[in-house]
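The values are calculated or read from the model by the stated rules, or taken from the named source; none is laboratory data. Computed from a predicted model, the values in this text were never measured in an experiment. Here the Cβ positions follow ideal geometry from the backbone for every residue, glycine too, while neighbour counts run over all protein chains shown. For the accessible areas, the whole protein counts, side chains as well, though only heavy atoms, and no ligand, DNA or RNA atoms are used. Shrake-Rupley method; radii C 1.70, N 1.55, O 1.52, S 1.80 Å.
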Amino acid sequence: MIALPAFSESLGIIDLGSNSARLLVAHFTPGHTFKVTDELSRRVRLSEGMAATQQLAPAAIERALDTLRVFASFCKANGVRRVIPVATAAVRDARNQAEFLQRTQRETGLRLRVLTGEQEAYFSSLGAINSIGIQQGLVLDVGGGSAELGKVRAGGFTRGTVKPLGALSLTERYCHTDPVSDTDYTALNRYIANTLAPISWLRLQRGQQFVGLGGTVRTLARID
């Protein structure tokens, strides 16, 4: 890593998601400026099989722990002393969450913080506000195990919610063939519509923006 003497501090952020895990390293001077210097990503499929068991599967746990060890070692080797590791939907919903968190801390030295759905929606919206400057509208973050929705007004986060609409969880639950059958496709669309219908504030007014985040959204953008 190239030394960055202009910055006084460094920070590593680990996001253990339902489908992938990411490490972002930034160097910064508090209240002044920052620079992202490293980004690592691995596909861990942590929520694989959870639709049926509501538990993290042994193979998925091993993939996650292997990745977290790599991330922790990278930070240590590059002098990044402050690391913030967070976990999202898969760990949040797992019945064996406590066991997984204890093992993670014991084997990797990382103490995972499990975000609530609203916290996820807040951080997603905050990222959209500060990166593309959305002032009014909605933010959708589609992950592997859940989807977070946030409402932005006057350049600030006003409310958010989480729904079980992750790409991996919906695939396991509704997509039984490739290509997807008409019956499964209809059932999937009905489930999504029924899940979103009760959210009274999920409306776009003229001139407002709708921002999508996450690997699923990026893939759809590339296809388009």
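Applying a threshold of 6 Å to beta carbon distances and a minimum spacing of six or more residues, or different chains, the list of pairs starting in the stretch 64-78 at a residue that is in contact (Cβ under 8 Å) with a residue 40 or more places away in the chain and of a type in the set (Val, Ile, Thr) and ending at one that is outside any helix (DSSP H, G or I) and open to solvent by 10 Å² or more (accessible area, probe 1.4 Å) reads Thr67/Arg42.
Table: residues versus (1) in contact with a Gly (Cβ under 7 Å, 6 or more places away or on another chain); (2) assigned to a helix (DSSP H, G or I).
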residue	(1), (2)
Leu110	no, no
Ser124	yes, yes
Thr183	no, yes
Leu188	no, yes
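Condition test on Leu213, is it closer than 24 Å to Val91 by Cα and either surrounded by 13 or more Cβ atoms within 10 Å (Cβ to Cβ) or polar (S, T, N, Q) (or both)? In short, yes. If I ask for residues that are surrounded by 20 or more Cβ atoms within 10 Å (Cβ to Cβ) and among the β-branched types (Val, Ile, Thr), which ones from the stretch 103-127 would you list? Result: Thr104, Thr108. Of all residues in the stretch 152-168, those satisfying the criterion of being crowded, with 21+ Cβ neighbours inside 10 Å and over 14 Å from the mean Cα position of the chain (by Cα) are Val152, Gly160. Tallying residues that are modelled with pLDDT of 90 or more and surrounded by fewer than 16 Cβ atoms within 10 Å (Cβ to Cβ) within the stretch 50-67 yields 6.
Phe34 satisfies every condition listed in (1) open to solvent by 40 Å² or more (accessible area, probe 1.4 Å); (2) assigned to a strand (DSSP E or B); (3) in contact with a Lys or Arg (Cβ under 7 Å, 6 or more places away or on another chain); (4) over 26 Å from Thr216 (Cβ atoms) except (3).
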